[in-house]
1. So in the stretch 145-163, with the set limited to residues that are free of Cβ contacts under 8 Å to residues at least 24 places away in the same chain and small (G, A, S), which one is surrounded by the fewest Cβ atoms within 10 Å (Cβ to Cβ)?
2. Quick one: which of F141, F120 is aromatic (F, W, Y), in a loop (DSSP other than H, G, I, E, B) and either touching a residue at least 40 places away in the same chain (Cβ under 8 Å) or outside the structural domain of V198 (by TED's automatic domain parsing) (or both)?
3. For residues that are among the small types (G, A, S) and either part of a helix (DSSP H, G or I) or surrounded by fewer than 16 Cβ atoms within 10 Å (Cβ to Cβ) (or both), tally how many sit in the stretch 43-67.
4. Within the set of pairs 6+ apart or on separate chains, which have a first residue in the stretch 1-24 that is at negative phi and among the aromatic types (F, W, Y), a second that is surrounded by fewer than 21 Cβ atoms within 10 Å (Cβ to Cβ) and assigned to a helix (DSSP H, G or I), and C-beta atoms under 9 Å apart?
5. If you check Q279 against the conditions, is it more than 18 Å from the chain's Cα centre (by Cα) and more than 17 Å from L341 (Cα to Cα)?
6. Output the residue which, of all residues in the stretch 279-296 that are under 16 Å from G114 (Cα atoms) and of a type in the set (G, A, S), is surrounded by the fewest Cβ atoms within 10 Å (Cβ to Cβ).
7. Among the residues of the stretch 7-25, count how many are surrounded by fewer than 23 Cβ atoms within 10 Å (Cβ to Cβ) and either of a type in the set (G, A, S) or in contact with a strand residue (DSSP E or B) (Cβ under 7 Å, 6 or more places away or on another chain) (or both).
8. Which count do you get for residues in the stretch 247-267 that are within 13 Å of I209 (Cβ to Cβ) and either touching a strand residue (DSSP E or B) at 6+ places or on another chain (Cβ under 8 Å) or of a type in the set (A, V, I, L, M, F, W, C) (or both)?
Amino acid sequence: MIVGGGAAGLELAAKLGKRFGRKHHDIILVERNRTHIWKPLLHEVATGALDANIDEVGYRAHCHRFGYRFFNGTLEGVDSAAREIVIAPLIDEDGREIIARHRIRYDYLVLAYGSVTNDFGTPGVQENCIFLDSRKQADRFRDKLLDHCLRVSRALTDDPGADAHVRISIVGAGATGVELSAELFNAAEALAYYGLEVFDASRLQVTLIEAGPRILPALPERLAADAHAELEKLGVRILTGTAVTEVTRDAMVLANGEQIASDLEVWAAGVKAAPIAGQLGELETARGGQIVVRPTLQSTVDDRVFAMGDCALCILPGNERPVPPRAQAAHQMAATVYENLARLMSSRQPVDFVYRDKGSLVSLSRYSTVGNLMGSLVGGAMAVEGRIARFVYASLYRMHLLAIHGWIKGSALIVVGHVNRIVRPRLKLH
């Protein structure tokens, strides 16, 4: 039983299904969404640079091909004593119940339900900010962005000298906040090709707010400084060492009392484990809601329960800090859980997870890409920028496609992706 169809969960389901099939094993994937989109690409979905209808993966078609079963539902609780999970009622958009609350039995359970953005209890965030945790949220941002761009374009048509702008405030200068800031300007420049002739990037007012001392803390300081300079060249106002104390419907309120007027407000400051409505049984959890696991990625209280990805807290021997909540960590954890499940089913001892830091990459849309490669091997000293960095960044998604689709279909989708970049519109506007 796998709960969560993100990058790690879907990859694990595909591997297990391909190896064991349905004849003697019942492999089940439980996921609240009906389709999968690689989470690091959600900022491109939000700006229209990526058409999720083309790049998403339908779980039902995927499970048929790889030999596992898919259950559309949301985890509500874990009953480890009975070896059952509780699935919340499935409700349609009209509020009617499709499937009642029910239980599913498991022999082995893998929890990979991911993370959500952490608002740190800041007043007004939940009511007024948009998060980028799911495709639905990214689609909502794109629709609101296009509406505001249309409003400004119309105002300029009526009065070419009007002081009309789309004001966007983004809290959190990690990878999501920085990449979204750059992608917004790419989208603004493309809108002129789609009927908004009087709208251009000069009509964007983007403010990036970071409580820490600099942007991109995961990157070396020099590369973060390069990204900072590139964003400012585009027109992004960057505020570091600045805390947001409240978010209203049309403004960000800063700790120094300043209010930044905003048409769109995005919160991308930190992550926490996705909340579970019910109980996780006897499983040990950390303050942030993550499930505490041993180096084998088994829970501390139940050998038959694994956790991986952003919902797991794993501190490896010799380390003080837990494994970071990053896509590469989730990918590596999926490989270890796959091996350990096979070992347990053949009465062998599980092996410890080994995290290999491959470095970090951040894409500033078509303007630049910066990062460091092979961090665990060279201490993060191998800095890359420009075309090489862009190629490696794109390769990460290609590796994901190969992992969930296999070499034949994955390679075909990579080729199709190159063709689509030429033949399909630059922006998704609907």
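The values are calculated or read from the model by the stated rules, or taken from the named source; none is laboratory data. This is a predicted model, so every value here is computed, not measured. Here the Cβ is made from the backbone with ideal geometry for all residues, glycine too, and neighbour counts use every protein chain on show.
1. In this case the residue turns out to be G161.
2. None of the other options fit; the residue is F120.
3. So the count comes out to 4.
4. Going by the 9 Å Cβ cut-off, the qualifying pairs are F20/A342; F20/M345.
5. Answer is yes for this residue.
6. Applying the filter and picking the extreme gives A286.
7. Residues that pass the stated criteria total 2.
8. Adding up the residues that qualify gives 12.
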